[in-house]
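The block underneath contains the structure these notes are about, expressed in structure tokens.
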Amino acid sequence: MDKEKPETKNDALQRINSGETLISDGATGTFLQQNGLEPGGDPEEFNATRPDVVKKMAREYFESGSDLVLTNSFGGTKYRQGHYGFGDRVTEFNKLAAEHAKSQAADDKFVFGSVGPTGEFLQPLGTVSEDEMYEAFKVQIVALETGGADGVVIETMTAMEEASLAIRAAKENTRLTVAATMTFDKGPRGYFTMMGITPEQAAVGLGESGADIVGTNCGNGIDNMIEIAQRMRESTALPLLVHSNAGIPGMEKGEILYPESPDFMAERFLRLKEVGVNIIGGCCGTGPSHIKALAKVLGKG
């Protein structure tokens, strides 16, 4: 792009470079399910039909201490929305997602657009071409910027090729700050994404693809996330973002429960800071109470 990113007094990278640890938010899906989203329902459609809930979510996270809140747009590509019959409303849903979160943000707070995997495989493993996937990410991310997002978090990625296409779509078509995170599973040989990427490879590869911020989210409780963060920090000088699950979920009386309480995670959130993580938040199973505990332990509460 030939447009230069404008200088603003409220730039997340400037805040990080000044030595500040930014607090992100907690889970989106968990919050929406607790506020009326039916099992199997479309979270992004809530941006059009339940704006009150989406705004409430952003407001509660900001009030709990978040410096940065993600938009309700994780499944916001035409591929994900196509499963619900809303493939033609992608621009609308993403723009609304950013507008709703931004409406709750004070001048010194940030809104980053959530961009999740398409759920598709690139050719020849799948049927989608690189150009098609790039275009899908472009449409989503441009809409998020139009709605007022300050940046994007390309998250829960397992394939470097898909993550790289999303990063490139953001960098070539917007002026947004770009974070990118991958999700790892622990096996006998260590941590890998489903497509075989290690934390070290992710830290380097996401940076080489153009991400301003790299990291990990989902899939693990906070003790594993500390270990993954250490490996990523040793592999890159870029800012690091970590969104940890509240442990691995179990079932009790037909309900999904996450075992890690705000108090349990709080002490370990501090360990993430000590490892050198610059943006810390929660993923599945975490809520405003976890963010409040994080803000308190970081001295921001």
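The values are calculated or read from the model by the stated rules, or taken from the named source; none is laboratory data. Model, not experiment: these values are computed from the prediction. Here the Cβ is made from the backbone with ideal geometry for all residues, glycine too, and neighbour counts use every protein chain on show.
Within the range 22-50, which residues are in a loop (DSSP other than H, G, I, E, B) and over 16 Å from His290 (Cβ atoms)? Selection gives Asn35, Gly36, Leu37, Glu38, Pro39, Gly40, Gly41, Asp42, Arg50.
Residues that are in contact with a helix residue (DSSP H, G or I) (Cβ under 7 Å, 6 or more places away or on another chain) and buried (at least 24 other Cβ atoms within 10 Å of the Cβ) do occur in the range 245-253, at least one of them. In the range 39-54, the residue that is farthest from Asp88 (Cα to Cα) out of those that are surrounded by 18 or more Cβ atoms within 10 Å (Cβ to Cβ) and β-branched (Val, Ile, Thr) is Val53.
The residues of the range 191-222 that are closer than 20 Å to Leu13 by Cβ, of a type in the set (A, V, I, L, M, F, W, C) and either surrounded by fewer than 22 Cβ atoms within 10 Å (Cβ to Cβ) or touching a Phe, Trp or Tyr at 6+ places or on another chain (Cβ under 7 Å) (or both) amount to a single one, Val204. Glu267 satisfies every condition listed in (1) farther than 23 Å from Lys171 by Cα; (2) at pLDDT 95 or above; (3) out of contact with any strand residue (DSSP E or B) (no Cβ under 7 Å at 6 or more places or on another chain) except (2).
Is it true that some residue in the range 91-110 is part of a loop (DSSP other than H, G, I, E, B) and free of Cβ contacts under 8 Å to residues at least 40 places away in the same chain? No - not one qualifying residue is present in the range 91-110. Only one entry in Ile16, Ile23 is in contact with an Asp or Glu (Cβ under 6 Å, 6 or more places away or on another chain), in contact (Cβ under 8 Å) with a residue 60 or more places away in the chain and either under 23 Å from Asn217 (Cα atoms) or buried (at least 23 other Cβ atoms within 10 Å of the Cβ) (or both), namely Ile23.
Within the range 112-139, the set of residues being part of a helix (DSSP H, G or I) and over 20 Å from Val214 (Cα atoms) comprises Glu130, Asp131, Glu132, Met133, Glu135, Ala136, Val139. Please determine whether any residue of the range 225-233 is in contact with a His (Cβ under 8 Å, 6 or more places away or on another chain), part of a helix (DSSP H, G or I) and buried (at least 24 other Cβ atoms within 10 Å of the Cβ). So far as the range 225-233 goes, no, none of its residues is in contact with a His (Cβ under 8 Å, 6 or more places away or on another chain), part of a helix (DSSP H, G or I) and buried (at least 24 other Cβ atoms within 10 Å of the Cβ).
So is Ala170 within 16 Å of Gly207 (Cβ to Cβ), free of Cβ contacts under 8 Å to residues at least 60 places away in the same chain and surrounded by 20 or more Cβ atoms within 10 Å (Cβ to Cβ) or not? Here the answer is yes, as Ala170 does meet what is asked.
Restricting the range 143-160 to residues that are part of a strand (DSSP E or B) and out of contact with any helix residue (DSSP H, G or I) (no Cβ under 9 Å at 6 or more places or on another chain), the residue that is surrounded by the fewest Cβ atoms within 10 Å (Cβ to Cβ) is Thr156. Checking every residue in the range 171-180 against the condition of being touching an Asp or Glu at 6+ places or on another chain (Cβ under 6 Å) and assigned to a helix (DSSP H, G or I) gives zero matches.
Pairs only if they're at least six apart or on different chains, beta carbon under 7 angstrom, first in the range 148-165 and within 16 Å of Glu99 (Cα to Cα), second hydroxyl-bearing (Ser, Thr, Tyr); list them, first residue then second. Final answer for the pair search is Ala149/Thr71; Asp150/Thr177; Gly151/Thr177. Of the strands (runs of 3 or more DSSP E) lying entirely inside the range 241-301, those containing at least 3 residues that are within 15 Å of the chain's Cα centre (by Cα) and not polar (S, T, N, Q) span 279-282.
Quick check: anything in the range 135-142 over 22 Å from Tyr84 (Cβ atoms), over 13 Å from the mean Cα position of the chain (by Cα) and either of a type outside the set (Val, Ile, Thr) or crowded, with 23+ Cβ neighbours inside 10 Å (or both)? Looking through the range 135-142, none of the residues is over 22 Å from Tyr84 (Cβ atoms), over 13 Å from the mean Cα position of the chain (by Cα) and either of a type outside the set (Val, Ile, Thr) or crowded, with 23+ Cβ neighbours inside 10 Å (or both). Across the range 273-301, the number of residues qualifying as crowded, with 18+ Cβ neighbours inside 10 Å and among the basic types (Lys, Arg) comes to 1. Within the range 58-78, the presence of a residue that is part of a helix (DSSP H, G or I), in contact with a Ser or Thr (Cβ under 7 Å, 6 or more places away or on another chain) and crowded, with 20+ Cβ neighbours inside 10 Å is excluded. The single condition among (1) surrounded by fewer than 24 Cβ atoms within 10 Å (Cβ to Cβ); (2) in contact (Cβ under 8 Å) with a residue 24 or more places away in the chain that Pro124 does not satisfy is (2).
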